[in-house]
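See below for the structure under consideration.
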Amino acid sequence: MHEMGIVSGILTASVETAARENATRINEIRIRVGELTEIVDDALHFAFEALSPGTLAEGATLVVERVPGRSRCVECGTTFNHGRFDVECPSCKNYFCELVEGRELEIESIDIDLPDETEAGETS
Amino acid sequence: MKVDLSKPILDRNERFAAENRALFDEHGVFVLDLLASPGAGKTSTILATIAVLRDRYRIAVIEGDIASDVDAQKIKEHGVPAVQINTGGACHLESDMIRRAVDTLEIAEIDLLIIENVGNLVCPTDFDLGEHAKVMILSVPEGHDKPYKYPNIFARAEAVILNKYDTMPVFDFDEDEFREVVRRLNATVPVFPMAATKDQGVAEWAEWLAARIESQRARADIPTD
């Protein structure tokens, strides 16, 4: 259950950014999570519900985009998607491949309300 | 209004990890992050490794546990500097904890720093501590099917120790299947059968480690012995 730590990282960065923009609230937080990390969506949402109240992100939606594993073959340069097992080049059947994507743990963007657009934000 | 952040969630951890690694590299210290389930034999493996390598290298240990300092005491009894980190319930170590622990060690007097992570096969794998290699210990009684259940840790390890190898006759452990699954997760990772408390297989593992220590020293331009 390290999702608590992950979510507190998400909240810190989002709230800092929102505060810098003088936001009144955060509507949405978008994150990217690689399939090859040990992050469980349910645990993320649970931690978010537990930790966000009382912050600018209270009531915000946490949108999790999953990034599939993707590697590049060191021999022939083919790039291909894969799961956790059998990271094997589909062209030359080589196992020596470099991971290109799949370990992301990244905050992509936040959607915030600014003081003068609060009403517009709420009705949109 | 949409604001782009595009920054790592574990930004803070990654920053400290990079600082740790720079410090280790500057002093030519090779740092090992040792991962395993509780009871797989992390501390026994560390003691066995110390016994084989202590005449060649200066070793220190950082012990990560949820509570208590029994592991650090065991290491210190063998005359090796050891720092205990208590995570107070947290399931993994983070890079700033390592930084504070390292501050209490004489980093310039160390060739090999072994970090014993909290006994857990899930959470520690996502946290960079600034180490040079993560190594995974699986003990035979845990079963050959562990890599199916905890694939990430096997995929990230740079070596796998198969500990309590001497108990193989009593357990229904299919070594061929184990090696095959590990290969499918991590095609090039070496597997070292070992019985740490019986001094079996320790020399082969220690040689692998010594080669890594030597290349780290060479990078830092420290003469080999």
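Details
- Fewest-first sequence of A:52, B:139 by Cβ atoms within 10 Å of each Cβ: A:52, B:139
- Principal axis extents of the C-alpha atoms in region B:30-216 (largest first, rounded to whole Å): 43, 35, 30.
- For the residue pairs B:42/B:198; B:42/B:134; A:93/B:134; B:76/B:164, the alpha carbons lie more than 20 Å apart in A:93/B:134; B:76/B:164.
- Per-residue Cβ neighbour rank within 10 angstrom, fewest leading, B:113, A:36, B:5, A:114: A:114, B:5, A:36, B:113
- Cα-based reach from residue B:74 at 18 Å (exclusive), listing aspartates and glutamates while leaving out same-chain residues under 8 positions away: B:63, B:65, B:116, B:199
- Cα Rg, Dmax, the protein assembly as shown, angstrom units: 22.2, 73
- Cut-off of 10 Å, at most 14 other beta carbons, DSSP loop: longest stretch of chain B lacking such GluC sites (Glu not before Pro): B:107-225
- Extents of chain A, taken as max minus min of Cα coordinates on every principal axis and listed largest first, are 58, 29, 23 Å.
- Put in order of Cβ neighbour count within 10 Å, fewest first, the listed residues B:134, B:74, B:198, B:164 become B:198, B:74, B:134, B:164.
- Whole-number percent relative contact order across chain B, with pairs defined as alpha carbons under 8 Å at least 6 apart: 27
- Size of region B:1-123 as Cα extents on the principal axes (Å, biggest first): 61, 33, 20
- The shape of region B:57-123 can be summarised by an equivalent ellipsoid whose semi-axes, obtained from the alpha carbon gyration tensor, come to 20, 13, 10 Å from longest to shortest.
- Computed over region B:178-225, the P(r) curve from all C-alpha pair distances, binned at 10 Å from the origin, holds 23, 32, 34, 11 percent per bin.
- Mean Cα-pair separation over length for chain A, i.e. relative contact order, pairs under 8 Å, 6 or more apart, %: 34
Values in this text are rule-based calculations from the coordinates and carry no lab data. Just so you know, these numbers come straight off a predicted model, no measurement behind them. Don't worry about glycine lacking a Cβ; one is built from the backbone with ideal geometry, like all the others, and counts go over all protein chains shown.
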